[in-house]
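See structure below.
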Amino acid sequence: MVESIRKLLENNEHWVNEMIAEDPEYFSRRNDNQTPSFLWIGCSDNKFQPNEVTGTDAGELVVHRNIANLVVQADMNVLSVIGYAVEILKVRHVIICGHYGCNGVRTAMQTSDHGFLDNWLRAVRELQGYYWNDLKMLKGEERENKLVELNVREQVYNLGKTSIIQNAWKKSNHPYLHGWVHDPNTGRILSQTGMIHSDMSLKEVCKFETGTI
Ligand SMILES: [Zn+2]
């Protein structure tokens, strides 16, 4: 066990040396005050990194990840990141990106007891209940994928209703909100919402407006 964690530090030392050998300015340049244009809210268990799938540098994205990419109104962590990105950094775009094969969404669909985690995933379970008449017609992976998509739309709605986004929209039509799903089988990102920049466009992803899938 100690050996395996030591390996990570050894790898780090090798990596630092390799990067400096290739480009002596690598670290000083990466630390330049590049202003990010995007906030990425993704899932903790996505095997792919946001910069990897979007072809961006680390300095271009502010990244927040939690299980099932949720925007929970009482979560000070996500609200603080959104506030920092929107009010201080003034990012132009906020992306919520779920992914197929999401263990968080899969766990929320199960009726067995997962202890404390069930509290966090309750919002996804309730979303499944809201759309159950449509979801029950689907089987297995198809049902799971559909709930991943619906969850992204729901979280974009929650995001748009935060006081941070509402206040930003009173001053301008920024930031734009985007709901995406990453498909790990193809590598492709699939848009679920289009660009949202007002209460009017936010209505289009509100479950009480759309009602069904
Ligand atoms: Zn996930």
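A few remarks follow.
- Whichever lysines have a C-alpha closer than 23 Å to that of Lys170, once near sequence neighbours (fewer than 8 apart) are set aside: Lys90, Lys161, Lys203
- Solvent-accessible area, 1.4 Å probe, carbon plus sulfur percent, for the stretch 33-210: 51 percent
- For the chain, the antiparallel share of DSSP beta bridges with both residues in that region comes to about 20%.
- Rounded FRET efficiency, nearest 0.05, which uses the C-beta distance separating Arg92 from Glu18 and R0 of 25 Å: 0.15
- Using a cutoff of 8 angstrom between alpha carbon atoms and counting only pairs six or more residues apart, the relative contact order for the stretch 33-210 works out to 23 percent.
- About the centre of its Cα atoms, the stretch 33-210 shows a dipole size close to 280 debye [charges on the beta carbon of Lys, Arg (+1) and Asp, Glu (-1) only; nearest 20 debye].
- With the cut-off at under 13 Å, measuring from each backbone N in the stretch 1-45 to a point 7 Å along the Cα-to-Cβ line of Glu52 picks out 45.
- Largest first, the residues Asp199, Asp113 sort by 1.4 Å accessible area into Asp113, Asp199.
- The stretch 7-42: chymotrypsin sites (Phe, Trp or Tyr not before Pro) in DSSP loop, at most 16 other beta carbons within 10 Å: none
- Potential extension, Tyr84-Thr210 segment - 0.36 nm per residue separation minus Cα distance: 42.2 nm
- Taking all pairs of distinct alpha-carbon atoms in the chain, Kirkwood radius in angstrom: 18.8 Å
- Ranking Lys136, Lys170, Lys207, Lys146 from most to least accessible surface, computed with a 1.4 Å probe over the protein chains only, gives Lys170, Lys136, Lys146, Lys207.
The values are calculated or read from the model by the stated rules, or taken from the named source; none is laboratory data. All values derive from a computational prediction rather than experimental measurement. Quick reminder, even Gly has a Cβ in these numbers, built from the backbone with ideal geometry, and neighbours come from all protein chains shown. Heads up: the accessible areas ignore ligands, DNA and RNA and are worked out on the full protein's heavy atoms, side chains in. Shrake-Rupley method; radii C 1.70, N 1.55, O 1.52, S 1.80 Å.
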